[in-house]
Amino acid sequence: MAPLSGALRLLYEGKSKRIYAAGPGEALMVFKDEVTAFNGRYRDEAPGKGAYSAALTSRMFELLESYGIKTHYICYAGGNAVKIRLADVIPLEVIVRNYVYGSMKKRLPLLKEMDKLEPPVVELHYKDDRLGDPLLHPRDPVAAGILAEDELNAIEDLALRVNNALSSFWRDRGLTLVDFKIEVARDNSGFMVVDEITGDTMRLIDPEGRHYDKEVYRRTRSTELLLQSYVRLLEAAGNPSRRC
Ligand code: TYD
């Protein structure tokens, strides 16, 4: 793909990517090389990270589509860019947990790190960086008019289907999916999965407990070690096949 020129209209800029308008109803999601942790307190350039994230996200969306799960993915545009359909994103972060880790252990010390959660736990968080994406009571999104009554079950069902697809994909490659976050949008036929699926948004560990996710950077602050893990993830996953 030709380098992005200034002619593309920036629609949105977040911590890890920019979204540019790219024709009617379509956009380019362009991943940054930046890595941040602890709410932006640590920040580093990790050259190549954007391309690994774009390729892995594309591969993960192709996997979900092979399971009949709708996503906003159109094709992998090469380098750090993914072509997507523009969609009406719901301001929720949906987290699925197969094992206890991170903020769940902090809020509920009755649980120990890596206790198995059977069935998996699905959490809804309100997407607002200033508030630190607070965990919601399950009925909050209905009360706030973000979700209709029947959509509460539909979103949980979707999250668990995504969990089945991702867990079995990574299990086949020797890694355990501890937890992950997805974002969801609506179109006229229901929900679809949007945003990214990368080592920044899922925790993956090998049988020795080694991480292949952002935890590597959180613990070591080393961009080299993080990039090594992300290269391994992409090698294990394989490249996306739908190119544009
Ligand atoms: P969680 O344990 O809630 O938070 P933290 O990573 O700060 O300990 O994270 C659960 C999963 O969700 C983990 O795989 C990382 C992912 N996640 C995001 O992608 N974005 C976020 O803003 C948060 C809070 C989590």
**Message:** Given the criteria among the hydrophobic types (A, V, I, L, M, F, W, C) and within 13 Å of residue 92 (Cβ to Cβ), does residue 165 qualify?
**Reply:** no
**Request:** Tally the residues that are touching a residue at least 60 places away in the same chain (Cβ under 8 Å), near the ligand (Cβ under 10 Å from one of its atoms) and closer than 19 Å to residue 166 by Cβ, restricting the search to the range 185-233.
**Result:** 8
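If you take the residues in the range 65-121 that are among the small types (Gly, Ala, Ser) and under 30 Å from residue 22 (Cα atoms), which one is surrounded by the most Cβ atoms within 10 Å (Cβ to Cβ)? Walk me through it before giving the result.
So the first thing to find is which residues in the range 65-121 are among the small types (Gly, Ala, Ser), and the list is 66, 68, 77-79, 81, 87, 102-103.
Narrowing further to those that are under 30 Å from residue 22 (Cα atoms): 66, 68, 77-79, 81, 87.
On the way: 66: 10, 68: 8, 77: 20, 78: 16, 79: 15, 81: 24, 87: 20.
The selected residue is 81.
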**Single residue of the range 70-105 satisfying the filter (over 19 Å from residue 193 (Cα atoms) and of a type in the set (Ser, Thr, Tyr)) that is nearest to the ligand (Cβ to nearest atom)** = 103
**Asked** Any idea how many residues of the range 15-55 are assigned to a strand (DSSP E or B) and either at pLDDT 95 or above or of a type in the set (D, E, K, R) (or both)?
**Response** 16
**Item:** Candidate set from the range 106-145 (those that are in a helix (DSSP H, G or I) and within 12 Å of the ligand (Cβ to nearest atom)); member that is nearest to residue 93 (Cα to Cα)
**Value:** 129
**Request:** Provide a single number: the residues in the range 56-103 that are part of a strand (DSSP E or B) and β-branched (Val, Ile, Thr).
**Result:** 8
**Message:** Out of the residues in the range 139-164 meeting the condition of being over 21 Å from the mean Cα position of the chain (by Cα) and either among the acidic types (Asp, Glu) or under 22 Å from residue 118 (Cβ atoms) (or both), tell me which one is surrounded by the most Cβ atoms within 10 Å (Cβ to Cβ).
**Reply:** 140
**Message:** So for the range 56-63 (the condition being out of contact with any helix residue (DSSP H, G or I) (no Cβ under 6 Å at 6 or more places or on another chain) and farther than 17 Å from residue 183 by Cα), does at least one residue qualify?
**Reply:** no
**Asked** Checking residue 167 against (1) under 25 Å from residue 58 (Cβ atoms); (2) polar (S, T, N, Q); (3) exposed (fewer than 13 other Cβ atoms within 10 Å of the Cβ), which test does it fail?
**Response** (3)
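Can residue 83 be described as more than 14 Å from the chain's Cα centre (by Cα), over 19 Å from residue 166 (Cβ atoms) and in contact (Cβ under 8 Å) with a residue 60 or more places away in the chain? Step through it out loud before you land on a result.
Values: more than 14 Å from the chain's Cα centre (by Cα): yes; over 19 Å from residue 166 (Cβ atoms): yes; in contact (Cβ under 8 Å) with a residue 60 or more places away in the chain: yes.
Answer is yes for this residue.
The values are calculated or read from the model by the stated rules, or taken from the named source; none is laboratory data. Owing to the predicted nature of the structure, the values given are computational and were not obtained by experimental measurement. Don't worry about glycine lacking a Cβ; one is built from the backbone with ideal geometry, like all the others, and counts go over all protein chains shown.
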